[in-house]
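Visitor: This structure is in structure tokens; I'll ask about it shortly.
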Amino acid sequence: MTKTRDLSIDTDLTRKILAGFIQTEITRAGFSRAVVGLSGGVDSSLSCYLAVDALGAENVLALRMPYETSSSGSLEHAQLVIDELGVQAETVPITAMVEPLFERFPEADQIRRGNVMARARMIVLYDQSQAFGGLVVGTGNKTEILLGYTTLYGDSACALNPLGDLYKTQVRQLARAMGLPDVIIDKPPSADLWVGQTDEGELGFTYAEVDQLLYLLVDERYSPEDCVEAGFAESFVSQVIDLIRKNHYKRVMPPIAKLSNRTVGYDFLYLRDWGT
């Protein structure tokens with residue numbers, strides 16, 4: 001039997017650190033505003049709450065970007081957040097943006113179509129980032145990032161990400177502590193890319209299950225054999241490790257072929273007088 005690890009966090013301290021992170025990174029870049037793609041899910045809602053903590057509601061723009069098949073519940077849940085926080089908000093439907101491409105490639109499966117929608121939303125986010133004068137705040141959590149459950153240059157694109165070191169179960173814990181609506185925290189996680197789509201349905205396991213395994217593999221540096229000995233099925237361990245390995249390219253900037261002594265991303269990371 002698998003022993004459950006305690007992934008609980010100090011929510012007050014975490015909230016303070018993450019709000020400070022947003023404020024520091026945005027002002028360091030010369031900005032004072034933020035833009036958040038608000039889907040109505042717990043991750044984007046939490047990022048929006050943290051951005052308001054950091055910058056004030058008047059300096060946060062929440063964008064709803066529905067497709068024609070998007071759940072009406074998602075729009076309603078996003079509106080709950082907008083009303084609760086008092087942030088500025090816009091709704092920009094993406095259907096007219098993506099349909100011409102879908103018509104050009106009618107054979108495209110759900111994954112291809114979902115990727116197009118995610119990237120269309122990022123076009124809108126970065127356009128409004130320029131118009132609003134704010135940086136795009138990311139919404140991806142540690143579980144998604146490790147598993148590669150994200151669209152490169154889509155929902156993974158952002159200027160900064162406050163949630164990237166929180167497992168999904170920890171996101172829910174912080175969201176509850178910060179007073180997000182229960183209906184948002186408790187609903188099945190979904191990218192809302194097609195009717196009936198859920199994260200856990202696509203992945204084939206629950207976030208609660210995989211967070212326990214990821215914690216051992218990543219935070220505790222267990223070997224695959226150690227994880228099996230800890231009670232996880234060998235097939236599950238192999239599946240998760242395979243996802244982490246094959247999606248590594250999504251977690252890093254494109255590698256640069258090294259020719260000089262000071263290569264961007266290797267030897268050169270930032271100026272000595274960066275101002276930190």
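Visitor: Among the listed residues Leu80, Leu7, which satisfies the condition of being outside any helix (DSSP H, G or I), of a type outside the set (Val, Ile, Thr) and either at negative phi or loosely packed, with under 15 Cβ neighbours inside 10 Å (or both)?
Guide: So the residue among Leu80, Leu7 that is outside any helix (DSSP H, G or I), of a type outside the set (Val, Ile, Thr) and either at negative phi or loosely packed, with under 15 Cβ neighbours inside 10 Å (or both) is Leu7.
Visitor: For the range 103-145, which residues satisfy the criterion of being among the β-branched types (Val, Ile, Thr) and either more than 19 Å from the chain's Cα centre (by Cα) or closer than 30 Å to Tyr215 by Cβ (or both)?
Guide: Ile111, Val136, Val137, Thr139, Thr143, Ile145
Visitor: Which helices (runs of 4 or more DSSP H) does the range 84-164 wholly contain that include 1 or more residues that are surrounded by fewer than 21 Cβ atoms within 10 Å (Cβ to Cβ) and acidic (Asp, Glu)?
Guide: Hits in the range 84-164: 95-104, 110-132.
Visitor: From (1) surrounded by fewer than 20 Cβ atoms within 10 Å (Cβ to Cβ); (2) modelled with pLDDT of 95 or more; (3) assigned to a helix (DSSP H, G or I), pick out the condition that doesn't hold for Ile184.
Guide: Condition not satisfied by Ile184: (1).
Visitor: Can you list residue pairs whose Cβ atoms sit under 7 Å apart, with the first residue in the range 7-21 being farther than 13 Å from Gln173 by Cα and the second being hydrophobic (A, V, I, L, M, F, W, C) and modelled with pLDDT of 95 or more? Count only pairs 6 or more apart in sequence or on different chains.
Guide: Leu18/Leu50; Ala19/Leu50; Ala19/Ala54
Visitor: Determine whether Ser70 is polar (S, T, N, Q), surrounded by 16 or more Cβ atoms within 10 Å (Cβ to Cβ), under 19 Å from the mean Cα position of the chain (by Cα) and within 19 Å of Leu46 (Cβ to Cβ).
Guide: Here the answer is no, as Ser70 does not meet what is asked.
Visitor: Identify the residue in the range 41-76 that is part of a loop (DSSP other than H, G, I, E, B) and closer than 20 Å to Leu18 by Cα and, among all such residues, is modelled with the highest pLDDT.
Guide: My answer is Gly56.
Visitor: Note down all Cβ pairs under 7 Å where the first residue falls in the range 149-168 and is over 20 Å from Phe205 (Cα atoms) and in contact (Cβ under 8 Å) with a residue 60 or more places away in the chain, the second is of a type in the set (Lys, Arg) and surrounded by fewer than 20 Cβ atoms within 10 Å (Cβ to Cβ), and they're at least six residues apart or on different chains.
Guide: As it stands, the answer is Leu152/Lys250; Ser156/Lys250, since those pairs meet every condition given.
The values are calculated or read from the model by the stated rules, or taken from the named source; none is laboratory data. Nothing here was measured: the structure is a model prediction, and the numbers come from that model. Every residue, glycine as well, gets a Cβ built from its backbone with ideal geometry; the counts of neighbours run over all protein chains shown.
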